[in-house]
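All remarks here apply to the structure that follows.
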Amino acid sequence: MMTRYRIRLDRGACEGIFACLVRDDRFVEADDGLATVAGAKTEGTVALDCDDDRIADARGAAAACPVDAITVEER
Ligand code: SF4
């Protein structure tokens, strides 16, 4: 089912543990060794607006992040 949602990743909180990357490939490693979202800038909190059927993947990544750097919000 298509859902509109926003993924946010607080790069200030991220510790580069990469539990997110294996659960949702929209999370990628940036040059500084921390995670970002594909196509986003790499400073501060990054956000990605989505309209697809992959919210479960995003939520799985958020739940797996040990420092709660990822939030997923339906819009
Ligand atoms: S799981 Fe959390 S701490 Fe680990 S890379 Fe992803 S956002 Fe960063």
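The values are calculated or read from the model by the stated rules, or taken from the named source; none is laboratory data. If you're wondering where the values come from, they're calculated on a predicted model, not measured in any experiment. Note that each Cβ is placed from the backbone with ideal geometry, even for glycine, and that neighbours are counted across all protein chains shown. Side chains included, ligands, DNA and RNA excluded: accessible areas come from the protein's heavy atoms. Shrake-Rupley method; radii C 1.70, N 1.55, O 1.52, S 1.80 Å.
Between ASP68 and GLU29, the contour length at 0.36 nm per residue exceeds the alpha carbon distance by 12.3 nm.
Please compute the length gained on full extension between ASP51 and ASP10, using 0.36 nm multiplied by the number of residues separating them and subtracting their Cα-Cα distance.
Residue separation times 0.36 nm, minus the Cα-Cα distance, leaves 12.7 nm.
In a simple Cβ point-charge model (Lys, Arg +1; Asp, Glu -1; nothing else charged), the chain has a dipole of about 180 debye relative to its Cα centre.
Heavy-atom accessible area for ARG54, with the other protein chains in place and a 1.4 Å probe, reaches approximately 70 Å².
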